[in-house]
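Asks: Got a structure here, written out as structure tokens. Questions coming.
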Amino acid sequence: MRAVDAVTAALAARGGAAASFLVGEPCVAPPAALREAFVRAAADGTYHYPPSAGLPRLREVLAERHHEGGARVAPEQVVVTAGAKGGLLALLAALLEPGDEIIHPQPCYPAYPAMARRLGAQPVAVPETGRGFAGWAQAVADRIGPRTRAVVIASPSNPTGTTLAAPEAESLVALCRECGVRLVCDEAYADFRFAVGTEALAADFDPGRGTVVQLRSASKSWALCGWRLGWVVADAGLAARVAARHAALLNPASGPVQAALASLPEVPADYLDSARTAVRRRLDAVHGVLSERGLGLERPAGGFYLWLEADRRLPGVEDIGTSAFCLSAARDAGVGLWPGEDFGGPGHVRIAVTSPEEADWEASLEALVAVLAP
């Protein structure tokens, strides 16, 4: 059982949250062009199973979007999956045999170690070492062994917001290439990079696409969490293996949803700029007010989250633990916070600034401050 499950149960017992900072859902509406495309797709009689690797038109559209660093991506290098999480499962199933290893940051998105263990592999945690993952490549190099098959990293990170700086991205690509392991880049939050020096992606340093594998999602970039649509970008050989594993483990992503996302070229060019502005405004607001109260929060370089070192910043938390603190906040004040234990970061709390509805934002911020910095 996850620590957060007790928090959600406590909020449900109250009849709902007064202020939820739990789930990383975007604080903007999906593009109208995609919503309208879904209505058309749902009405046009497309009810059959889509191809296992995704609708050809959608693969073409997504391939075109991945020309960011100048390296051309072909549609056969794109596999459409049942969410980025489904893509991660299919990818790890294609890469791992029992007894193999993956390396991941600590803290991290909990699916990385959980999926590795389910596949009979061993997750190896390497703690974050600084801003922009400074020095992390060397720490990873010290842990790579004969059974290491992949390094899995999210940039921006869930939960910390740490985002790969260009020199570290280049070092990781070079290290993984030299050692013959894949660098799996979870880029669910890649459209929400804010810090100078994080403009480059690891894939930009791997023009042949033989080392870097990208995981992407429609959930964050276009506020389509409920569509459960993701994709994997890899070299053609690995992409074919991922498609085969995905077909064996999961049904294809919804056909009408795929058809609707193929209308991405119709989305106004400024949509993502507006979404970034909305997220950054909230990050700045929470970071500012809590910093004024002396909580010493690190300003995240990207993503949707603030990562609070609660056991050192909040009185009494070290004595009871962050899970108990978050449970108390939910039960007594109706404020939803995610305990860091679930991410491999005990003593910390994750704050999802995008979770409250816009109409409830000011009241939610006040409730958060009352719990964290009364």
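The values are calculated or read from the model by the stated rules, or taken from the named source; none is laboratory data. It should be emphasised that the depicted structure is a prediction, and the values quoted were computed from it without experimental measurement. Cβ placement follows ideal geometry from the backbone for every residue including glycine, while neighbour counts extend to all protein chains displayed. Accessible surface areas use protein heavy atoms only, side chains included; no ligands, DNA or RNA. Shrake-Rupley method; radii C 1.70, N 1.55, O 1.52, S 1.80 Å.
Asks: Under 5 Å between amide H atoms, partner at least 5 residues away or on a different chain: which partners does GLN122 have, H built in plane at 1.01 Å?
Replies: GLY99, ASP100, GLU101, ILE102
Asks: For Cα pairs less than 8 Å apart in space and 6+ apart in sequence, what is the mean separation divided by the residue count of the chain, i.e. the relative contact order in percent?
Replies: 29 percent
Asks: Run the numbers for ALA139 and ARG40: contour at 0.36 nm per residue of separation, minus the present Cα-Cα distance, in nm.
Replies: Details: separation 99, 0.36 × 99 = 35.64 nm, distance 5.02 nm.
Taking 0.36 nm per residue and subtracting the Cα distance, the gain is 30.6 nm.
Asks: What does the accessible area per residue of the range 26-84 come to in Å², with a 1.4 Å probe and no ligands, DNA or RNA counted?
Replies: On the way: 3060 Å² over 59 residues.
I get 52 Å² per residue for the range 26-84.
Asks: For GLU362, GLU128, GLU178, what's the largest-to-smallest order of accessible area, 1.4 Å probe? Intermediate values should be presented prior to the final figure.
Replies: On the way: GLU362 115, GLU128 50, GLU178 155 Å².
Most to least solvent-accessible, the answer reads GLU178, GLU362, GLU128.
Asks: Classify the range 11-103 from the C-alpha gyration tensor, please: rounded if a/c falls under 1.5, else prolate or oblate depending on whether a/b exceeds b/c.
Replies: Oblate, since a/c reaches 1.5 and b/c is not below a/b.
Asks: Kindly identify the range 120-220 as rounded, prolate or oblate by the Cα gyration tensor criterion: order the square roots of the eigenvalues as a ≥ b ≥ c, call it rounded if a/c is under 1.5, otherwise compare a/b with b/c, prolate if a/b is larger, else oblate.
Replies: On the way: a/c = 1.41, a/b = 1.36, b/c = 1.04.
Judged from the Cα gyration tensor, the range 120-220 comes out rounded (a/c under 1.5).
Asks: So, one more: So between ALA373 and ARG281, what do we pick up on full extension, going 0.36 nm a residue minus the alpha carbon distance? Write down the numbers at each step before the final one.
Replies: Numbers: separation 92, 0.36 × 92 = 33.12 nm, distance 2.03 nm.
Length gained between ALA373 and ARG281: 31.1 nm.
Asks: For helix 83-95, what angle does its Cα long axis make with the longest principal axis of the chain, in degrees from 0 to 90 and rounded to 10?
Replies: 60 degrees
Asks: If I compute Cα extents along the principal axes in Å from the structure I just sent, which labelled value in [x] 86, 85, 45; [y] 62, 45, 44; [z] 55, 53, 38 lines up?
Replies: Calculated Cα extents along the principal axes in Å: the matching label is [z].
Asks: Further question: Counting only protein chains, not ligands or nucleic acids, how are TYR109, TYR47 ordered by accessible area (probe 1.4 Å), most first? Show your work: numbers first, answer last.
Replies: Details: TYR109 60, TYR47 160 Å².
Accessible-area ranking of TYR109, TYR47, largest first: TYR47, TYR109.
Asks: Further, regarding this structure: What do you get for the angle between helix 3-13 and the principal long axis of the chain? Use alpha-carbon atoms, 0 to 90 degrees, nearest ten.
Replies: Taking the Cα atoms of the chain, the angle to 3-13 is about 60 degrees.
Asks: Explain nothing, just compute: Karplus ³J(HN,Hα) = 6.51 cos²θ - 1.76 cosθ + 1.60, θ = phi - 60°, for every residue of the range 276-291 in order, whole Hz, x for Gly and Pro.
Replies: Running phi through 6.51 cos²θ - 1.76 cosθ + 1.60 with θ = phi - 60° gives 4, 4, 5, 5, 5, 4, 5, 4, 5, 5, 5, 4, x, 5, 6, 5 Hz.
Asks: Further question: Evaluate E = 1/(1 + (r/R0)^6) for ARG65 and ALA359, where r is the Cβ-Cβ distance and R0 equals 35 Å; express this FRET efficiency to the nearest 0.05.
Replies: Working: r = 32 Å, r/R0 = 0.92.
In this case the efficiency is close to 0.60.
Asks: Quick query: amide H of TYR109 versus all other amide H atoms, modeled in the peptide plane; which residues come in under 5 Å with a sequence gap of 5 or more or a different chain?
Replies: ASN158
Asks: Just to check I understand the Karplus step: with θ = phi - 60° and J = 6.51 cos²θ - 1.76 cosθ + 1.60, what whole-Hz values come out for the range 320-331, glycine and proline as x?
Replies: Those phi angles translate into 9, x, 6, 4, 5, 5, 5, 5, 5, 4, 6, 5 Hz.
Asks: Based on DSSP H runs of at least 4 residues, each adding -39500 (n - 2.57), what is the mean residue ellipticity at 222 nm of the chain after dividing by all its residues, to the nearest 500 deg cm²/dmol?
Replies: Numbers: 15 runs with 148 residues, N = 374.
It lands at -11500 deg cm²/dmol.
Asks: For the range 180-232, what is the convex hull (Cα atoms) projected area averaged across all directions, in square nanometres?
Replies: 4.2 nm²
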